[in-house]
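For reference, the structure is listed below as structure tokens.
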């Protein structure tokens with residue numbers, strides 16, 4: 001539920017206030033791609049958490065800090081590059 005609510009909120013914030021240009025004219029297709037990028041970010045979060053805690057033995061809170069940064073820049077960069085550039 002949290003991921004679903006979050007992705008809808010971020011989509012509306014992104015289309016209304018964050019990005020000016022939009023490459024996709026079909027909002028349904030744009031939203032689908034937006035969700036796919038979000039799911040890839042979620043998968044990246046799981047990978048970073050696994051690597052940090054299970055492989056490198058870092059405390060999960062420190063690993064979560066790294067994960068938040070990595071996933072934020074991944075999501076922003078992918079959305080900017082794929083959906084919201086001129």
Relative contact order (%) - criterion: Cα under 8 Å, at least six apart; region: the chain: 42
Select one label from (i) 14.5, 46; (ii) 12.5, 35; (iii) 26.7, 77: the one whose number is Rg and Dmax of the Cα atoms in Å as derived from the coordinates shown. (i)
How tilted is helix 2-13 with respect to the longest principal axis of the chain? Cα atoms for both, answer in degrees (0 to 90, nearest 10). 40
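What FRET efficiency, computed as 1/(1 + (r/R0)^6) with R0 = 25 Å and r the Cβ-Cβ distance, is obtained for residue 86 and residue 43, rounded to the nearest 0.05?
On the way: r = 29 Å, r/R0 = 1.15.
Once the sixth-power term is evaluated, E becomes 0.30.
Residue 13 to residue 55: FRET efficiency via 1/(1 + (r/R0)^6), r the Cβ-Cβ distance, R0 30 Å, to the nearest 0.05?
Details: r = 34 Å, r/R0 = 1.14.
That gives a FRET efficiency of 0.30.
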According to a simple spin-label model (label point 7 Å from Cα along Cα-to-Cβ), what is the distance in nm between residue 32 and residue 5? 2.7
Once residue 22 and residue 73 are pulled to full extension, the length gained, defined as 0.36 nm per residue separation minus their Cα-Cα distance, is 16.5 nm
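FYI, it's all coordinate maths here, none of it is from the lab. In this text, all values refer to a predicted model and were calculated from it rather than measured experimentally. Using ideal geometry, Cβ is built from the backbone for each residue, glycine included, and neighbour counts are taken over all protein chains shown.
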